[in-house]
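Have a look at the structure below, then the notes.
The values are calculated or read from the model by the stated rules, or taken from the named source; none is laboratory data. As the structure is a prediction and not an experimental result, all values here were calculated from the model. Positions of Cβ are backbone-derived with ideal geometry, glycine not excepted, and every protein chain shown enters the neighbour counts.
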Amino acid sequence: MSVEASIAQRIREKLNAAFAPLSLEVIDDSRRHLGHASMRGLGKAAQAGETHFTVKMVSEAFKGKNRIDRHRMVNAALHAEIADGVHALAIEAKAPGE
């Protein structure tokens with residue numbers, strides 16, 4: 001993973017490595033939240049203007065898991081990005097066939 005990679009690219013790379021998804025979409029929703037007071041001082045993500053994301057993913061890793069467990073798995077994989085200032089992460093995690 002490149003040191004200069006965007007937050008979105010880091011998210012993509014980490015999710016690919018952790019879940020080997022059949023499909024993965026990482027959507028940067030940050031532009032819709034520019035200027036919000038809650039965005040000040042959030043770390044590297046905020047400085048890069050990348051703070052809000054939607055992740056849509058289908059992976060065998062989610063088979064037999066409930067929605068909360070799936071979200072916990074994704075949040076754990078992206079712990080560093082969340083700590084760096086990703087303020088919001090909407091997750092759509094599905095198993096194949098759902």
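Some observations on this one:
- A count restricted to region 65-91 and to residues that are within 9 Å of the chain's Cα centre (by Cα) and either surrounded by 13 or more Cβ atoms within 10 Å (Cβ to Cβ) or part of a helix (DSSP H, G or I) (or both) stands at 10.
- Taken together, the residues in region 82-97 that are of a type outside the set (Val, Ile, Thr) and within 15 Å of LEU24 (Cβ to Cβ) amount to 7.
- From the options SER59, SER38, residue that is closer than 19 Å to GLY97 by Cα and either modelled with pLDDT under 95 or hydroxyl-bearing (Ser, Thr, Tyr) (or both): SER59
- Listed conditions (1) at pLDDT 90 or above; (2) closer than 18 Å to ALA17 by Cβ are all met by ASP69, apart from (2).
- Taken over region 50-64, the criterion of being crowded, with 18+ Cβ neighbours inside 10 Å, closer than 16 Å to ALA90 by Cα and of a type in the set (S, T, N, Q) is satisfied by THR51 alone.
- Test for ALA20: is it at pLDDT 95 or above and surrounded by 18 or more Cβ atoms within 10 Å (Cβ to Cβ): no
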